[in-house]
Amino acid sequence: GVHCGACRKMSVYELHYFNNRGRAEPARLLFAAAGLPYRDIRIQSEQWPEYKLKLPMHQVPVLEVDGTMICQSVAIARYVAKVTGHAGKTDLEQAKVDMLVDGIDDVMTKKGDYVWHEKDETRKMEKKNAFYETTLPQFLSRFEKLLLTNGGDGFLVGEGLAHADAWFLCLADDVLLDFPDIFTPYPKLAALVERIRTYPGIKEWLAKRPQTEF
Amino acid sequence: MPSYKLTYFNVRGRAELIRLLFATGGIPYEDVRIGRDKWPELKPKTPMGQIPILEVDGQVYCQSMAIARFVAREAGLLGESSSDQARADMLLDGGAEVGELLKEVVLEKDASKRAEKKKEFSEKSLPHFLTLYEGFANDSGHFVGESLTWADISFFNMMDFLTAEFPSALEGYDKLNKIIENVKSNPGIAKWLKERPVTDH
């Protein structure tokens, strides 16, 4: 928990999600980077119909902080980043982190579109090809440039790890499963992925986290 | 005082929340509206090939929600504590999800598919969303705490778009209607609503 100096109380964090990385993993990475304990709840699918009715928008992930529920994965990750000092130092840095997270979210949504929403197998294959031939390379090429505007050899924004880096690792983990060489044209991004993977706390989490397909 | 320059098309679209927040905060900014013909030239100069963009003393920021959050912070409309801010964030994100579903209805070209999607939206997604959000609103007509935050303004903006398709959507939702009233009666917003260019979306 986090020590609230004024009230000398440790906050209790519980993260509700399914047993996969999905949209909870950025928050899990941030907890790990800070060494901040939390209850990593993984809901079974049989429990879901009843479980969801207790949640603010009937969706997961949900972060419960001393009983208060916050939903929406981006909002959750931003909150965990704030309480652990990984949100960006100035207002402008925070805006830059936010814009990068939103850019990554857009790409993840496009990927999710063919993985989860397209039922027709031919269309699915077409969309997957379009994603890997156009959407993702365009994104990675822009992101390599954005990383270079911050020097290129550190994290995405400012001096330290921010939630944008956590989201980026999650995207990388996903796309590298399909195409292990996808980062070859983007050496700075490839190095960033390694930098995040070996970040103290994250390194240990990656070694011990449940291995799931997505 | 930093200089702010917002660039978008001459529509409300993804820039209007940002404009509303500048107006609420009484923060001066340049409201640049470009013609579609100027876009191909500008696109490669933007961080992610998209607008709106906000230039702050020469630094360029993209992603409408990131920009809106920044302006909300400068205008003191973010929410006070980290948990208030997280509450506002989650309500905005949930609203954006419904906004995407509404877009799918509005952008459907096939007339019979559109009618189908519109029916499904108005019978399932919309009431589900409004019922949840009526529950999130408090009696004083605010989503977060007891004063205006960007969560209220964002809801107002979304309803602006939604009621164009579904005029009576908010009937019976007393607390949500209070939120709309609170937003509309904010002096900065009232002035902007009178003065802003009238566009079809």
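Worth pointing out:
- Charged side chains reduced to their Cβ positions (Lys and Arg at +1, Asp and Glu at -1) give segment A:83-128 a dipole of some 220 debye around its Cα centre.
- For A:Lys89, the aspartates and glutamates whose Cα falls under 17 Å of its own Cα, not counting residues fewer than eight places away in the same chain, are A:Asp98, A:Glu159, A:Asp165, B:Glu74.
- Protein heavy-atom surface of segment A:84-214, 1.4 angstrom probe: 54% of the accessible area is carbon and sulfur, with nucleic acids and ligands not counted.
- Summing Cβ point charges (Lys, Arg +1; Asp, Glu -1) relative to the Cα centre of segment A:36-143 gives a dipole of roughly 120 debye.
- Buried area at the A-B interface (accessible, heavy atoms, 1.4 Å probe, summed, Å²): 2500
- Within segment B:6-99, percent of DSSP bridges classed antiparallel, to nearest 5: 60
- Computed from backbone phi with θ = phi - 60° and the Karplus coefficients 6.51, -1.76 and 1.60, the 3J(HN,Hα) list for segment A:137-154 is x, 4, 5, 5, 5, 5, 5, 4, 5, 5, 5, 5, 5, 9, x, x, 10, x Hz; x is used for glycine and proline.
- Which of B:Ala190, B:Ser125, B:Ile180, positive extreme of dipole for segment B:64-201 (C-beta unit charges): B:Ala190
- Taking B:Asp139, B:Asp174, B:Asp37 as the candidate residues, the one with maximal mean-square fluctuation in a Gaussian network model of chain B, Cα springs under 10 Å, is B:Asp37.
- DSSP beta bridges fully contained in segment A:1-140 are about 65 percent antiparallel.
- Remark on segment A:87-103: accessible area falls by at least 10 square angstrom from chain-alone to full-complex state for A:Asp91, A:Leu92, A:Gln94, A:Ala95, A:Lys96, A:Asp98, A:Met99, A:Asp102, A:Gly103, probe 1.4 angstrom.
- GNM top mover of A:Ala33, A:Ala75, A:Ala166 - chain A, alpha-carbon springs below 10 Å: A:Ala75
- Think of segment A:80-148 as having a plus end and a minus end, set by charges on the Cβ of Lys, Arg, Asp and Glu; of A:Thr84, A:Phe139, A:Ala95, A:Thr84 sits farthest toward the positive end of this dipole.
- For chain A, the longest site-free run once trypsin sites (Lys or Arg not before Pro) in DSSP loop states with at most 15 other Cβ atoms within 10 Å are removed: A:120-214
- Test item: B:90-98 mean partner chain Cβ contacts at 10 Å: 5
- Pairs exceeding 25 Å between alpha-carbon atoms, taken from A:Lys96/A:Lys208; B:Lys5/B:Lys191; A:Lys188/A:Lys208; A:Lys110/A:Lys203; A:Lys127/B:Lys5; A:Lys52/B:Lys113: A:Lys96/A:Lys208; A:Lys188/A:Lys208; A:Lys110/A:Lys203; A:Lys127/B:Lys5; A:Lys52/B:Lys113.
- Interchain or long-range residues, amide H under 5 Å from B:Ile53's placed H: B:Thr7
- Judged by the ratio a/c of the largest to the smallest principal axis of the C-alpha gyration tensor, the protein assembly as shown counts as rounded, that ratio being less than 1.5.
- Accessible surface, the protein assembly as shown, averaged per residue in Å² (probe 1.4 Å): 48
- Gyration tensor (alpha-carbon) shape descriptor, chain B, a/c threshold 1.5: oblate
- Given a 1.4 Å probe and the protein chains as shown, B:Val198 ends up with an accessible area of around 140 Å².
- With a Förster radius of 45 Å applied to the beta-carbon distance between B:Thr163 and A:Leu148, the computed FRET efficiency rounds to 0.50.
- Of all beta bridges that DSSP places with both ends in the protein assembly as shown, some 65 percent have antiparallel geometry.
- Cβ charges +1 (Lys, Arg) and -1 (Asp, Glu), total dipole of the protein assembly as shown, debye: 320
- Counting charges near A:Pro187 (Lys, Arg +1; Asp, Glu -1) among other residues having Cβ under 14 Å from its Cβ returns a value of -1.
- Positive-end residue, the protein assembly as shown charge dipole about Cα centroid, Cβ charges, pick of A:Val60, A:Met125, B:Met1: B:Met1
- Set of lysines with alpha-carbon distance to B:Lys117 below 19 Å, sequence-local pairs under 8 removed: A:Lys119, B:Lys103, B:Lys109
- Summing +1 for each Lys or Arg and -1 for each Asp or Glu among the other residues whose beta-carbon sits under 14 angstrom from that of B:Ser82 gives +1.
- Shape category assigned to segment A:22-87 from the gyration tensor of Cα positions, a/c cut at 1.5: prolate
- Part-to-part distance (alpha-carbon centres) for segment A:36-51 and segment B:126-201, which is given in Å: 33
- Label-point separation, A:Ala191 to A:Thr135 (7 Å along Cα→Cβ), nm: 3.0
- Karplus 3J(HN,Hα) series, Hz, for segment B:103-113 with 6.51 cos²θ - 1.76 cosθ + 1.60 (x for Gly, Pro): 4, 4, 5, 5, 8, 5, 7, 6, 4, 6, 5
- Between A:Arg209 and A:Glu118, the simple label model (points 7 Å from Cα in the Cβ direction) yields a spacing of 2.6 nm.
- Between B:Gly99, B:Gly35, B:Gly13, the GNM of chain B built on Cα springs shorter than 10 angstrom shows B:Gly35 fluctuating the most.
- By a 1.4 Å probe calculation restricted to protein chains, A:Val12 has an accessible surface near 80 Å², given to the nearest 10.
- Residue-by-residue Karplus 3J(HN,Hα) for segment B:118-130, coefficients 6.51, -1.76, 1.60, Hz, glycine and proline x: 5, 5, 4, 5, 6, 8, 10, 4, 5, x, 4, 5, 5
The values are calculated or read from the model by the stated rules, or taken from the named source; none is laboratory data. Since the model is a prediction, treat every value here as computed from it, not as a measurement. Methodologically, a virtual Cβ is constructed for each residue, glycine included, from the backbone with ideal geometry; neighbour enumeration extends over all protein chains shown. Please note that ligands, DNA and RNA were not included when accessible areas were found on the heavy atoms of the full protein model with its side chains. Shrake-Rupley method; radii C 1.70, N 1.55, O 1.52, S 1.80 Å.
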